[in-house]
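Notes follow the structure.
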C-alpha cells in the first residue's frame, strides 16, 4: 500500500502537454516508489493551469482519505508547446520538478518518437557490466553459452517486449554476445568460429538455441497485433480502433503515409503474420512471443548429429567441442593456415599428415588408436572411423538400449574433447600424452557423469558399464 500512489501526470491540449511522474506512500513511512516502481501511475490532463489544479485537488482528496501522498522528490512534470509562464505557475503550485522526454519507466525509456541508440545505451551497459564481472572467471565455452542464453539475452528480451529497438543497438548487442562467447570479453571485434546466424538456429538445426534478437524484436511486436485483433480491453487498443481502424477490418488495414513510424512497424508485422497464419485461429489462441517467433521465422532442417551433441548424458563442456567438430570449425592447422601461410600444417599428434578436422577425428594414427581403445572398452562393434558415419551408427543400432547408446555418445564426446586437449598440450607444453592415459580419462569422467545422474540407468545397464 505504501506504493499505491505513484503518479505520472500527463497534461495535454493541441500543442500543449505536461507530464508528472512519481509518488510515494507516506502512511507507514516505508518510502519507495518512483519511476522504477511497477505501481507507477500515468495521469493525463489538459496542459493548462486550471486543469492541473483540478487534478492536484483530486490527489489531495485521495491523500487525505488514504494517508498516501505523491513523492515530490520522485515526481516530474513534462511539458511541450506550452508558454513558460504557464509552466512556471504549474511547477510553483505543484512543487514538482520539470523534466524532459523520454522518461524511464521500469528502467525503459518511454517516448512518443523513435528511440535512438543513445537513449538505449543503458541496455548495452548492463550487458557489458555483467561480462566484466564474469571475465575474471575461467568459464568454458558451454558456461558462456548458458550465461548468454539465460542472462544477456533475457535483458534484451525485457526491452524488446516494450519498444522497437534501433538496428544499430541490435548489431552492438550481437557483437557483445559474440565477443563474450568466443573470447570471454566484450571488446573484441573479431569474427567467431561459427557464423552468428548459424548459432541462432535451434539446437536440432545445428545451432546453440540463441534467439536472433533482430527477429525476436519483430516477433515481440506481434503481441500488439494480437491485442488489436482480439480487441483487448485496454486504452491503447481502444485508441487504435477509434483513431486508426474506425470499425474497419484490422487484417485488411493499410496505414496512411503520415502515420508514425512505430505504427507502420506494427502494421508490417501484421502483414507478415497474415501470410503465415489462419487469422481466426490466431486470435483464438493464447498469444506468446515464442509462438509468434516460430511462425515468422521458421528454422532450418534438422541435422543428423544434433541428438548426439545435445544428449543429456554428455558433459556440457564436451558438448561444445563436439558441436564445433561437427561444424568443422575447430581451429586446426589447416584452418589457421588459410590466414597464416607460414605455419607448419603437420599434425601435432602423429607428425605425419596435414592436420585437418577429418584427420584429427579419426584418420590420425594417434586418435584412431584412442577410438579403438574406446570401442574395446564399451564392446562397440563399428568399423568406421568417420565422425559422420559414427553419428549415423547410433540411430541405426536398434538392438542397443537408449541408455547404452547415450553411454556411447558420452564416451565419444569425451574422447573428442580429450584428443583436442591433448593436441593443445603439445602446442602449449610440448607434451604428448600416451593413448592409454586419454582412454583412462574418458572412462573415469564418463562413469562419474553417468552414475551421478539419478535414476537414469537401469540396474543391468549399470552393471554393464561398471563391468567394462
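Just so it is clear, none of the values below were taken in a lab; they were calculated from the coordinates. Values in this document were obtained by computation on a predicted structure and should not be read as measured data. Don't worry about glycine lacking a Cβ; one is built from the backbone with ideal geometry, like all the others, and counts go over all protein chains shown.
Below, the figures for the structure above:
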quantity	calculated
Residues residue 243 and residue 195, FRET efficiency given R0 of 56 Å [Cβ-Cβ distance, rounded to 0.05]	0.80
Cα-based helix-to-principal-axis angle, 261-274 vs the chain, degrees rounded to 10	50
20 Å reach of a label modelled at residue 97, 7 Å along Cα-to-Cβ, counting backbone N of segment 41-72	41-43, 69-72
Virtual spin-label span in nm between residue 175 and residue 358, 7 Å along Cα→Cβ	3.8
Options (i) -0.56; (ii) -0.64; (iii) -0.45 - which one matches log10 I(q)/I(0) by the Debye sum over Cα atoms at q = 0.07 Å⁻¹ as calculated here	(i)
Segment 380-465: translational diffusion in µm²/s, Stokes-Einstein, Kirkwood Rh over Cα pairs, 4 °C, 1.567 mPa s	90
Percent of beta bridges antiparallel (DSSP, the chain, rounded to nearest 5)	65
Paramagnetic label zone (point 7 Å from Cα along Cα-to-C-beta, residue 307; backbone N under 15 Å) in segment 405-431	405-410
Cα gyration tensor shape of segment 57-123, rounded if a/c is under 1.5, else prolate or oblate by comparing a/b with b/c	oblate
Full-extension gain in nm, residue 215 to residue 104, via 0.36 nm per residue minus C-alpha separation	37.5 nm
0 to 90° range, to nearest 10: angle between helix 49-66 axis and the chain longest Cα axis	70
Stokes-Einstein D for segment 118-218, Kirkwood Rh over Cα pairs, 4 °C, 1.567 mPa s (µm²/s)	95
Value of relative contact order over the chain, rounded to a whole percent, pairs C-alpha under 8 Å and six or more apart	9
Separation in nanometres of the label points that stand 7 Å from Cα toward Cβ, at residue 261 and residue 453	4.9
The chain: angle of helix 84-94 to the longest principal axis, Cα-based, in degrees nearest 10	80
Helix-only CD estimate at 222 nm, as mean residue ellipticity for the chain, using -39500 (n - 2.57) per DSSP H run (n ≥ 4)	-14500 deg cm²/dmol
Extension reserve of the residue 42-residue 432 stretch, reckoned as 0.36 nm per residue once the Cα distance is removed	133.6 nm
Label-point gap, in nm, between residue 254 and residue 155 - each point 7 angstrom along Cα→Cβ	4.3
Packing-based ranking, highest mean first, of 322-332, 261-271 given that Cβ atoms within 10 Å are counted	322-332, 261-271
Segment residue 236-residue 336, length gained on full extension (0.36 nm per residue, minus Cα span)	30.4 nm
